[in-house]
Amino acid sequence: MADITIYQKPSCTTCKEVFQILKETNTDFDAVDYFTDPIPKAKLRELIQKLGLPVEALIRKKDQLYSDLRLGEKQLTEGQWLDLLAIYPDLLQRPIVERGDKAILARPARKIREFLAPSVPADSLASGAVQDVQSVTEKPNVAH
């Protein structure tokens, strides 16, 4: 099993872009087409926690189905939203990319590159940057 999982709709343009970036960067990943392999409610709840977003942020509010079901007029609980997402996967924003205890909504697709970047402690990056700037700006002692 790969460290990264992409939850996607294979015909989605953004999903295709993220899929391509993952391949280009030689990233080992699993792809889940949640239209043929629905995401269980418990997993959706876990993804929401990893994303750090409320469930409403994962709803495709511009989707025709959202309008048809008049969801903008309703106050739904997280459980009710999860029930709807289980029935109507088209309502779920995509793609969602999961790695370990973190997940992102990879919209736009370029967000995946930042997610894939190795994490470098901010203090070591800052001190390294200062040293690099100093070495470039220091004038060499040249005897004339």
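Out of everything in the range 85-111 that is free of Cβ contacts under 8 Å to residues at least 24 places away in the same chain and assigned to a helix (DSSP H, G or I), what residue ends up being farthest from residue 56 (Cα to Cα)?
Step by step, filter the range 85-111, then rank; the result is 111.
Given the criteria over 26 Å from residue 77 (Cα atoms), surrounded by 14 or more Cβ atoms within 10 Å (Cβ to Cβ) and among the charged types (D, E, K, R), does residue 17 qualify?
Taking the combined requirement at face value, the residue satisfies it.
Going through the range 26-35 one residue at a time, which ones are assigned to a loop (DSSP other than H, G, I, E, B) and surrounded by 12 or more Cβ atoms within 10 Å (Cβ to Cβ)?
27, 34, 35
Please go through the range 68-103 and give me each residue that is under 17 Å from residue 36 (Cβ atoms) and among the hydrophobic types (A, V, I, L, M, F, W, C), ordered by number.
85, 86, 87, 91, 92, 96
Would you confirm whether any residue within the range 98-110 is surrounded by 17 or more Cβ atoms within 10 Å (Cβ to Cβ), in contact with a strand residue (DSSP E or B) (Cβ under 9 Å, 6 or more places away or on another chain) and among the small types (Gly, Ala, Ser)?
Checked against the condition, which is being surrounded by 17 or more Cβ atoms within 10 Å (Cβ to Cβ), in contact with a strand residue (DSSP E or B) (Cβ under 9 Å, 6 or more places away or on another chain) and among the small types (Gly, Ala, Ser), the range 98-110 yields at least one hit.
Quick check on my filter: what residues within the range 72-84 are more than 17 Å from residue 42 (Cα to Cα) and assigned to a helix (DSSP H, G or I)?
72, 73
Can you tell me which of 96, 39, 87 is modelled with pLDDT of 95 or more and out of contact with any Asp or Glu (no Cβ under 7 Å at 6 or more places or on another chain)?
96
Just checking, which of 27, 77 is of a type in the set (Ser, Thr, Tyr) and touching a strand residue (DSSP E or B) at 6+ places or on another chain (Cβ under 7 Å)?
Among 27, 77, only 27 is of a type in the set (Ser, Thr, Tyr) and touching a strand residue (DSSP E or B) at 6+ places or on another chain (Cβ under 7 Å).
Restricting to the range 36-71, name every residue that is in a loop (DSSP other than H, G, I, E, B) and surrounded by fewer than 14 Cβ atoms within 10 Å (Cβ to Cβ).
36, 37, 40, 52, 54, 61, 62, 70
The values are calculated or read from the model by the stated rules, or taken from the named source; none is laboratory data. Fair warning: this is a prediction, and the values are worked out from it, not measured in the lab. Note that each Cβ is placed from the backbone with ideal geometry, even for glycine, and that neighbours are counted across all protein chains shown.
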